[in-house]
């Protein structure tokens, strides 16, 4: 995962959240994102995929300077610039 440091990543988790931000650090228990967008999908009618596509097209909507995400919750992750439109 170290090759992804300081790049914008999308973290899909096993909850109704999506995390998008700059990967700052990786530990055995957490991933730290800086300048992150933490979005609760229950707060809107937007799907996970639509939200991610909109972020790629219109830019990151930062609402946290830093957030730690438990690795046990992460289902997948990818670079934002590798999301297909």
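Read-outs throughout are calculated quantities, based only on the coordinates presented, and are distinct from any laboratory measurement. Here the structure is a predicted model, which means the values were calculated and not measured.
Key figures for this structure:
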{"quantity": "Stretchable slack from residue 5 to residue 53, in nm (0.36 nm times residue separation minus alpha-carbon distance)", "calculated": "15.1 nm"}
{"quantity": "Angle between the chain longest axis and helix 48-58 axis [Cα atoms, degrees, rounded to 10]", "calculated": "90"}
{"quantity": "Value at 222 nm in deg cm²/dmol, rounded to 500, when DSSP H runs of n ≥ 4 in the chain each add -39,500 (n - 2.57)", "calculated": "-4000 deg cm²/dmol"}
